[in-house]
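The values are calculated or read from the model by the stated rules, or taken from the named source; none is laboratory data. Because the structure is a prediction, the values reported are computed rather than measured. Neighbour counts run over all protein chains shown; Cβ positions are idealised from the backbone, glycine included.
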Amino acid sequence: MNPDDKLSDSEIRRRQHSRATAMALVLGALVILFFAISIVKMS
Amino acid sequence: MNETMASKAYLPAGTITAEWRDFLALTKPRVMTLVVFTGLCGLLAAPQSIHPVLGFTTVLCIALGAGAAGALNQWYEADIDAVMRRTAGRPLPAGRMDRQSALHFGVGLGAFSVILLGLAVNLLSAAILAASILFYVLIYTVWLKRRTPQNIVIGGAAGAFPPLIGWAAATGRIEVLPVLLFALVFLWTPPHFWSLSLFVRSDYAAAGVPMMSVVAGPKATRTQVFLYTLPMVAVAMAPWALGLTGAIYGVSALGLNAIFLLFAAQVAVSREIDPAAMKVERRLFAYSILYLFALFGVLVADRMIG
């Protein structure tokens, strides 16, 4: 049986929230990286 | 109807329930460490410097590419991982993640890493990165691993690409030294993995993976470990012999290789059959990791100081 079958709705929402937070941090870091790459390429 | 069933009823089909940590685990972070390190060393050992931002981007892309390959490997091998103690706790066999999420994550990460490297750095390094991901997934994971005891010999090439990628990112071309570094990691892989396979042999046998220790037996594997160590040592000394590095690398490589040879010889003559008592095999496996880190570290130090 899949362990996720036992997950409560609140636990699933908590995991979604933590994934969304992690994704936001990754996207923020990528924005900074792309900006830095653009500056280097233009200089 | 219990609470769990009631609460699951209104979740959309295909809802991803994995933790972000499970996606991280999918990338095999510990394996990634060595790949990133050798890639960084290839970058730093190159004769031309690269802007720190582009250097960081290169290393990031190597890490993401390795992570993508690891994720796709786990997507394909979930059935094997489930029957091996060492891998049963991974997100897919443990049931913490669905296979489709792993596939999408792996493909997306791999494509992103190659495109970013190509746009930000150069096409040669991106092409090698793409080749390394495809080699690991298609040649090693899908084709060789379940079919031949030579799986990790040929598959080892996938892990040998990062120094080439780092060098190509800095210079835009391939030269003798990065090819030697590729050959070094390629020849290092059999003694490294086969020493491991000696003391986790029952795991591989249970999973039906035709590792050398399962198919040919421990004695032949011990011999192969030693035989592959010989060309590895020769390739490790080649940069010094060809005048591509200085005395710092030469003397250090001599010492590191002498110890590797000694440990490999001890594995070759050992007749231990109890995995729990295989001390020399565990020692060679642990030392092989230290060896690669140290050799690449010394190479960079030599190229930067010398």
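Residues in the range B:44-63 that are within 14 Å of chain A (Cβ to nearest Cβ), buried (at least 22 other Cβ atoms within 10 Å of the Cβ) and within 20 Å of residue B:104 (Cα to Cα): B:61 only.
Here are B:227, B:284: which of them is within 26 Å of residue B:42 (Cβ to Cβ) and at pLDDT 95 or above?
Answer to the selection: B:284.
Right, residue B:75: at pLDDT 95 or above and of a type in the set (Phe, Trp, Tyr) or not? Criteria met by residue B:75.
Going residue by residue through the range B:192-204, is there one that turns out to be free of Cβ contacts under 8 Å to residues at least 24 places away in the same chain, of a type in the set (D, E, K, R) and not assigned by TED's automatic domain parsing to the domain that holds residue B:48? For the range B:192-204, residues free of Cβ contacts under 8 Å to residues at least 24 places away in the same chain, of a type in the set (D, E, K, R) and not assigned by TED's automatic domain parsing to the domain that holds residue B:48: absent. Take residue B:125 and decide whether it is surrounded by 24 or more Cβ atoms within 10 Å (Cβ to Cβ) and either touching a Cys at 6+ places or on another chain (Cβ under 8 Å) or over 20 Å from residue B:142 (Cα atoms) (or both). Spelling it out, residue B:125 is indeed surrounded by 24 or more Cβ atoms within 10 Å (Cβ to Cβ) and either touching a Cys at 6+ places or on another chain (Cβ under 8 Å) or over 20 Å from residue B:142 (Cα atoms) (or both).
Applying a threshold of 9 Å to beta carbon distances and a minimum spacing of six or more residues, or different chains, the list of pairs starting in the range B:261-290 at a residue that is assigned to a loop (DSSP other than H, G, I, E, B) and ending at one that is of a type in the set (S, T, N, Q) reads B:278/B:195; B:278/B:270.
Where helices (runs of 4 or more DSSP H) fall wholly inside the range B:66-170, the ranges with 3 or more residues that are without any contact (Cβ under 8 Å) to a residue 60 or more places away in the chain and within 30 Å of residue A:43 (Cβ to Cβ) are B:99-120, B:123-134.
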